[in-house]
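Since the structure comes first, as structure tokens, the remarks are kept for the end.
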Amino acid sequence: MLLDHVKFEVRGILDAFSTVAPKTSVTTSRRILIVKMDAIGDYVLFRNFLSVIRREVPADTCIDLVGNYIWRDLAEELDAQFIEKFVWVDKRRFSTQPLYRLTKLREIGQLHYEMVLHPTYSRDIVAEAIVKAARSNTKIGSNGHVQNLLPWQKKRYDKSYSKLISFVEEDQFEFLNYARFFEVVIGANPRISKPTIELTTGPIKGNQTYKPYAILFVGASEPSRRWNVSGFAQVAGHLSSQYALSILLCGGQGEREIADGIILRNKSGFLVNLAGRTTLSELTRLISEARLVVSNETGAVHISAALETPVVCISNGSHFMRFHPYPKELFRQYAVVYPYEMTDLIRRGGSQISSQFRYGSDLDINSVDAQSVILSIDRLLA
């Protein structure tokens, strides 16, 4: 605990250097800054509200966005029409390289903003440092919770804001949290009914070779959220034999070995290892033309839902209600498969489910059996 306090104070001292504004920092236009440092799925659930802010502010107001660089290529393709300036931040480098951190904070601190918006419910120390460094008298954020911040850290960072928005229902789907946040900000219903992605350019070259195809997204940010090779292999075999689908295995560079293992377990069918070989924008295009996506609980699920591509999500239950299952009014061609223990709790209607799995889960995702996933697939493709 003492070491955490020391690190916090040292970083605060170093960050203070970024607030010394250079002589070139005069703002000649009206500007709003949005801070969004979350993962890909969070971006997909949030991004449609950029059009709301653009619609509600005067035409001569510039909107800047500080974002997580992992969704840079997709955001610059989909949302450049709303954003004057993107500032991309590598969270790992920001947390471990003082010079990189200072450079980014100085860049952000060069301009004065009429308003800073930080709509993230699960606030973290990277985004909080950015909000603190931004120059504005009006900073609006989510009251949130302390999953990613220690209570004393949250108390300190809360002082950066002129207004914190609280939510009546803590256990509601994340898209609805964003809707509530922007409703308070603009003082009216934002009129965004569900997450959507509308691609403006054609499919990536070569995907005609694969059609018709299903995508198995085998990656996940944490091992506890990553289903096993054997399970995915059985699903791949079923999709190949019963539906005559090619199988595209997708994920990050670190999942290439997992994808290879799935291919080795399938002696028939057409399987292609694309893990680490697509940009996020290319993956989105592939998903848009897939017959079905089967994925760990990652951003691929939310991309699929936004594109209205049928999707089966495999989850250990972590962040139940906030990121899964999808409310029917948002997307219907969706199924989620949990470990038996959680399925049984849901069936019995236990009132403690949402609080028990709100911020995490100790359940083993590998206790999800392949036949349960296959059953969900057959229901969606019937």
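The values are calculated or read from the model by the stated rules, or taken from the named source; none is laboratory data. Computed from a predicted structure; not experimentally measured. Positions of Cβ are generated from backbone atoms using ideal geometry, with glycine treated the same way; all protein chains shown enter the neighbour counts.
A few remarks follow.
- When 316, 366 are checked against the criterion of being under 21 Å from residue 230 (Cβ atoms), under 19 Å from the mean Cα position of the chain (by Cα) and polar (S, T, N, Q), a single residue qualifies: 316.
- Residues in the range 203-227 that are small (Gly, Ala, Ser) and either touching a helix residue (DSSP H, G or I) at 6+ places or on another chain (Cβ under 6 Å) or modelled with pLDDT of 65 or more (or both): 214, 219, 220, 221, 224.
- The set of residues in the range 149-175 being touching a residue at least 60 places away in the same chain (Cβ under 8 Å) and under 21 Å from the mean Cα position of the chain (by Cα) consists of 170, 171, 172, 173, 174, 175.
- Residue satisfying all of: in the range 45-57; under 17 Å from the mean Cα position of the chain (by Cα) and within 24 Å of residue 132 (Cα to Cα); surrounded by the most Cβ atoms within 10 Å (Cβ to Cβ) among these: 49
- Within the range 38-48, none of the residues are at pLDDT below 95, over 21 Å from residue 140 (Cβ atoms) and not aromatic (Phe, Trp, Tyr).
- The number of residues in the range 355-366 being in a helix (DSSP H, G or I) and loosely packed, with under 14 Cβ neighbours inside 10 Å comes to 1.
- Matching residues, the range 297-330, being small (Gly, Ala, Ser) and surrounded by 21 or more Cβ atoms within 10 Å (Cβ to Cβ): 299, 300, 304, 305, 306, 315, 317
- The residues of the range 136-148 that are touching a Ser or Thr at 6+ places or on another chain (Cβ under 9 Å) and surrounded by 13 or more Cβ atoms within 10 Å (Cβ to Cβ), listed by number, are 136, 138, 139, 140, 141, 142, 143, 144, 145, 147, 148.
- If you go through the range 309-342 and pick out every residue that is of a type outside the set (Val, Ile, Thr), within 25 Å of residue 197 (Cα to Cα) and not in a loop (DSSP other than H, G, I, E, B), you end up with 5.
- The residue that is surrounded by the fewest Cβ atoms within 10 Å (Cβ to Cβ), among those in the range 161-187 that are of a type outside the set (S, T, N, Q) and assigned to a loop (DSSP other than H, G, I, E, B), is 168.
- Number of the condition not met by residue 260 [criteria: (1) out of contact with any Leu (no Cβ under 8 Å at 6 or more places or on another chain); (2) farther than 19 Å from residue 298 by Cβ; (3) buried (at least 17 other Cβ atoms within 10 Å of the Cβ)]: (3)
- Of the helices (runs of 4 or more DSSP H) lying entirely inside the range 229-301, those containing at least 3 residues that are under 28 Å from residue 332 (Cα atoms) are 229-243, 280-288.
- Scanning the range 72-116 for residues that are closer than 29 Å to residue 196 by Cα and among the acidic types (Asp, Glu) yields 73, 76, 77, 79, 84, 90, 114.
- As a summary of the residue check, residue 294 satisfies the conditions (1) modelled with pLDDT under 90; (2) surrounded by 15 or more Cβ atoms within 10 Å (Cβ to Cβ); (3) of a type outside the set (Asp, Glu) except for the one numbered (1).
- Residue within the range 343-354 that is touching a residue at least 60 places away in the same chain (Cβ under 8 Å), small (Gly, Ala, Ser), farther than 23 Å from residue 73 by Cα and assigned to a loop (DSSP other than H, G, I, E, B) present: no
- Residue check for residue 221: within 26 Å of the chain's Cα centre (by Cα), in a loop (DSSP other than H, G, I, E, B) and surrounded by fewer than 19 Cβ atoms within 10 Å (Cβ to Cβ): yes
- Hey, residue 190 at pLDDT 95 or above and buried (at least 18 other Cβ atoms within 10 Å of the Cβ) or not: yes
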